[in-house]
Amino acid sequence: YKNPHYASGRTTMVHLFEWKWDDIAAECERFLGPRGFGGIQVSPPNENLVIWSRNRPWWERYQPISYRLVTRSGNENQFSNMVRRCNNVGVRIYVDAIINHMTGTWNENVGTGGSTANFENWHYPAVPYGRNDFNWPHCVITGSDYNCCPDRVRNCELSGLKDLNQGSDYVRQQILNYMNRLIDMGVAGFRIDAAKHMWPHDLRVIYDRLRNLNTAHGFPSGARPYIYQEVIDLGGEAISRNEYTPLAAVTEFRFGLELSQAFQRRNQLRWLVNWGPQWGLLASGDALTFIDNHDNQRGHGAGGNILTYKQSRQYKGAIAFMLAHPYGYPQLMSSFAFTDTEAGPPMNSRGDITSPTINADNSCGNGWICEHRWRQIHNMVVFRNTAGNGALTNWWDNGSNQIAFCRGNQAFIAFNNDAWDMDQTLQTCLPAGTYCDIISGARSGNRCTGKSIVVGSDGRALIIHRSNEYDMMVAIHRGADSRL
Ligand SMILES: O=C(/C=C/c1ccc(O)c(O)c1)N[C@@H](Cc1ccc(O)cc1)C(=O)NCCCOc1c(-c2ccc(O)c(O)c2)oc2cc(O)cc(O)c2c1=O
Ligand SMILES: [Ca+2]
């Protein structure tokens with residue numbers, strides 16, 4: 001459950017938060033496939049409660065009303081087409097699975113597919129679920145429960161959301177019917193939302209009853225789904241992520257928190273020399289890593305001030321470090337613009353999500369940020385693919401915020417987050433030649449659209465990077481984007 005099953009040579013997934021299935025399929029064929037992206041996390045595809053009283057907030061999709069594949073992103077047919085078209089170009093699909101709970105206590109009672117529910121008596125006819133399928137006695141999680149009472153965190157309601165009993169064979173069967181149908185359609189795995197709020201032994205039973213991935217979509221026979229469990233654990237709670245790592249991968253929230261600190265100069269970059277488990281992070285193979293996610297980019301969930309697209313220069317620096325460093329399985333966030341932390345995706349007056357437009361410079365419009373289309377970010381995805389399993393070697397730092405390192409003999413990156421210029425001759429581990437910096441530009445024919453770096457026969461190069469340059473790093477590698 002810890003293998004993403006990316007197509008060969010691919011390493012990175014992107015969360016296309018709130019995108020519609022038809023738009024994702026198009027993005028796979030026109031951008032993500034050709035640019036070497038490994039996979040996509042999609043928003044929950046199951047029917048959710050329609051909450052107009054809060055003007056269709058993003059979190060309404062985290063309130064299931066059934067497992068029917070009808071949401072504002074599209075219907076079952078459009079979902080199936082998206083999976084097929086993305087797999088065809090080597091881009092995997094991972095589904096955000098909301099299996100801990102159903103809806104909260106709202107006046108609304110209609111879902112995105114027209115199903116109704118009556119939460120007062122735990123009545124969800126479109127599954128169907130009834131009173132016996134939820135945890136009893138009725139209780140609601142309070143803040144102090146996270147520190148004292150693991151049983152309550154699992155068996156009581158999170159934010160008033162009706163709490164399913166995953167110990168019941170019937171509930172397990174409904175969840176498995178839903179997840180196995182998605183596997184048959186060709187998905188590669190799942191994000192398990194609110195995993196902390198479910199018992200590890202129940203999750204293990206469910207995971208072990210999932211089907212193997214569908215070989216008709218290019219997966220090897222016997223391939224198990226990739227599963228990454230959302231466990232927000234910044235330390236200090238009664239429940240530890242170590243209860244979940246024996247089962248499958250886990251979201252490593254400390255990763256984004258620490259790198260956000262470092263790239264805002266609350267920690268010197270030089271301390272990243274031993275980045276990984278020595279910083280209290282999970283074992284690399286257990287960790288789904290990210291800088292920000294849909295939840296903490298708007299201050300919900302895991303606290304601390306997380307870098308987002310809004311602090312773009314520092315954000316690109318942190319993302320570049322995440323993609324250059326061999327630790328973990330990285331996920332990029334792709335957002336819609338927001339100021340109101342409750343606001344849902346761009347939509348028309350009827351509540352239909354509006355599609356991203358693609359500008360001449362490859363950026364997105366219509367209220368979509370598309371961080372994955374920023375040159376510095378998608379070029380670093382290619383950097384990570386090119387680096388492969390090359391080890392991190394030749395770490396250099398200036399005792400402050402200038403650092404540099406190699407990945408095998410395939411790639412080299414240097415950062416300058418000091419308030420003064422960087423001017424150093426450093427070992428790049430690359431063969432002699434001229435390389436285009438893929439942060440300030442890329443190779444175009446036999447020239448560089450941005451900076452270029454000359455590597456001597458000893459592998460060393462003069463790296464000059466001013467403190468006021470547009471981006472704080474320079475990166476080169478042996479792939480076609482960079483090597484002249
Ligand atoms: O802000 C939100 C939604 C946040 C949210 C949604 C999806 C996530 O994956 C997530 O991590 C957070 N929800 C709003 C609105 C809300 C929703 C339901 C409700 O009955 C009342 C209000 C909110 O203000 N929620 C209370 C604080 C956020 O508490 C939530 C957490 C959460 C936060 C911190 C933790 O350490 C943790 O273990 C869990 O997970 C959810 C998961 C869901 O699947 C659905 C949810 O409603 C929530 C969720 O409310
Ligand atoms: Ca629960």
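The values are calculated or read from the model by the stated rules, or taken from the named source; none is laboratory data. The structure displayed is predicted, hence computed values, not measured ones. Methodologically, a virtual Cβ is constructed for each residue, glycine included, from the backbone with ideal geometry; neighbour enumeration extends over all protein chains shown. The accessibility values were calculated without ligands, DNA or RNA, using every heavy atom of the protein model including side chains. Shrake-Rupley method; radii C 1.70, N 1.55, O 1.52, S 1.80 Å.
For the chain, the number of Lys pairs separated by eight or more positions or lying on different chains, with C-alpha atoms closer than 24 Å, is 4. Ranked by the mean number of other Cβ atoms within 10 Å of their residues, highest first, the peptides 170-176, 98-104 fall in the order 98-104, 170-176. Here Asp184 and Ser8 are evaluated by their C-beta separation; at R0 = 22 Å the FRET efficiency comes out at 0.40. For the pair the range 448-463 and the range 1-59, the centres of their Cα atoms are 37 angstrom apart. Computed over the range 18-74, the P(r) tail beyond 14 angstrom holds 59 percent of alpha carbon pairs. In this Cβ point-charge picture (+1 for Lys and Arg, -1 for Asp and Glu), the range 214-260 has a dipole of about 240 debye about its Cα centre.
Each label point was placed 7 Å from the Cα along the Cα-to-Cβ direction; for Asp169 and Ser240 their separation is 3.5 nm.
When you restrict to C-alpha pairs under 8 Å that are six or more residues apart and normalise by the size of the range 92-142, the relative contact order lands at 18 percent. By the helix-only formula, in which each DSSP H run with n ≥ 4 contributes -39500 (n - 2.57) and the sum is divided by residues, the chain has a 222 nm mean residue ellipticity of -5500 deg cm²/dmol. Over the range 95-177, accessible surface divided per residue gives 42 Å², non-protein components excluded, 1.4 Å probe.
Each eigenvalue of the Cα gyration tensor of the range 1-49, multiplied by 5 and square-rooted, gives one semi-axis; in descending order these are 21, 15, 7 Å.
Just how many % of Cα pairs in the range 434-484 lie over 12 Å apart, if you round to the nearest whole percent? Percent of Cα pairs beyond 12 Å in the range 434-484: 59. The largest accessible area among Cys148, Cys156 belongs to the first residue in Cys148, Cys156, and the rest follow in falling order (1.4 Å probe, all chains).
Above 21 Å, the calculated P(r) of the range 84-182 contains 44 percent of its Cα-Cα pairs.
Between the listed residues Phe119, Gln402, Ser8, the Cα displaced farthest toward the positive end of the dipole of the chain, a dipole computed from Cβ unit charges relative to the Cα centre, is found at Ser8. Between Ala480 and Asp423, the simple spin-label model (points 7 angstrom out along Cα→Cβ) gives 3.9 nm.
Across all Cα atoms of the range 16-164, the radius of gyration (one decimal) and Dmax (whole number) stand at 17.4, 53 Å. Principal semi-axes of the equivalent ellipsoid, √(5λ) from the alpha carbon gyration tensor of the range 374-419, are 20, 16, 5 Å from largest down. Between Lys310 and Ser284, the modelled labels are 3.4 nm apart [label points 7 Å from Cα along Cα→Cβ].
The length gained by stretching the chain between Arg54 and Asp22 to full extension, at 0.36 nm per residue less their Cα-Cα distance, is 8.9 nm. Taken about its Cα centre, the chain carries a charge dipole of roughly 1140 debye when the Cβ of each Lys and Arg holds +1 and the Cβ of each Asp and Glu holds -1.
Annotation for the range 343-419: trypsin sites (Lys or Arg not before Pro) lying in DSSP loop with at most 14 further Cβ atoms inside 10 Å of their Cβ are Arg350. Take the alpha-carbon centre of the range 106-184, take the same for the range 411-428, and report the distance between them in whole Å. For the range 106-184 versus the range 411-428, the Cα centre distance is 52 Å. The listed peptides 203-211, 392-400, 47-55, 7-15, ordered by packing as a protection proxy, come out as 7-15, 47-55, 203-211, 392-400 (highest mean of other Cβ atoms within 10 Å first). Overall, the ratio between the Cα radius of gyration of the range 280-417 and 2.2 N^0.38 Å, rounded to two decimals, is 1.19.
Set the Cα radius of gyration of the chain against 2.2 N^0.38 Å, with N its number of residues, and you get 0.99. If a spin label sat at a point 7 angstrom from the Cα of Leu462 along the line to its beta carbon, no backbone N atom of the range 372-412 would be nearer than 19 Å. Note: relative contact order over the chain, using C-alpha pairs below 8 Å and six or more positions apart, is 13 percent. Report P(r) for the range 224-278: all Cα-Cα distances, bin width 10 Å, range 0 to the bin holding the largest distance, values in whole percent. Bin by bin from 0 Å, the calculated values are 21, 42, 29, 7, 0. Separation of the range 363-395 from the range 195-232 is 27 Å, based on Cα centroids.
Any idea what log10 I(q)/I(0) is at q = 0.11 Å⁻¹ for the range 361-476, Debye with uniform C-alpha scatterers and no solvent? Summing over Cα pairs of the range 361-476 leads to -0.37.
Under 18 Å from a label point set 7 Å out along the Cα-to-Cβ vector of Asn118, the amide N atoms of the range 44-84 belong to 65-66. With all protein chains kept in place, the per residue accessible area of the range 226-342 amounts to 31 square angstrom at a probe of 1.4 angstrom. Per-residue extension of 0.36 nm, minus the Cα-Cα distance of Asp361 and Arg211, leaves a gain of 49.8 nm for this segment.
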